[in-house]
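Below is one structure, written out as structure tokens; the observations come after it.
Just so it is clear, none of the values below were taken in a lab; they were calculated from the coordinates. In this text the structure is predicted, and so the values were computed from the model without any measurement. Note that we place each Cβ from the backbone using ideal geometry, even for glycine, and neighbour counts take in every protein chain shown.
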Amino acid sequence: MPSEEQMIQFIIQKEAYLTLLPKIAQRFSSVVCFSEKIDSILMWSHYSYNHTGFVLGYDLRPLLLPNERNVGIYPVVYSDKRYNAEEFLLYLFGSLMQLPIKEADKMSSIKWLLYKSLDWQYEQEWRVIKNNTSNLLNGHSEPMTFMPNSIYYGCHISQDNYQRLHEIALSKNLEERFMKLDNASDEYIMKVE
């Protein structure tokens, strides 16, 4: 049982711990971000330098099932409020200080990595997360490796970039697709060819 002095000291340091949260995430978790939406004009404009880049496609359905790598895939929660990670921090730092603090929410180690502002809702993002508390002490997170199965070329990709990527796609046996703006439609939509 923690002494009253230990608990007071922890509460005083809570604000400092909250500022450490991003650094804790880097040591405690490996996170990879994906979108379920391939045809977003806004995302192609932002993340693909105005449609001149490319997108890699992955089949992540196996991560929906329990696996030996202890990796899971979760939808991002879009909210106008930040996730309150104070209980998780209390548990995490209490554990490091060897204080008997119970974990209130078994999903808190994942939830605090899933919240994002409503402004980003158009991304329809999913995150692949691997948590490993032992990484908190050794200073690094474990890498995750995923092999793409397809490549989507932006509708304004240069011929040189396309040729380089096409050669890589052939060597890696990737399915190749092209994104096109649908100029025949009344709406602003993209199509996969």
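Highest mean packing comes first when the peptides 75-84, 48-57 are listed by Cβ atoms within 10 Å, giving 48-57, 75-84. With 32 Å as the limit, write out which pairs from Lys81/Lys180; Lys111/Lys180; Lys116/Lys191; Lys81/Lys191 have Cα-Cα distances beyond it, or answer none. Lys81/Lys180; Lys111/Lys180; Lys81/Lys191, as the Cα separations exceed 32 Å there. The modelled label-to-label distance between Leu118 and Glu4, using points 7 Å beyond Cα along the C-beta direction, is 4.5 nm. Net charge near Phe54: determine it from the other residues with C-beta under 15 Å of the C-beta of Phe54, scoring Lys and Arg +1 and Asp and Glu -1. Residues close to Phe54 contribute a combined charge of -2. Summing +1 for each Lys or Arg and -1 for each Asp or Glu among the other residues whose beta-carbon sits under 12 angstrom from that of Ser40 gives -3.
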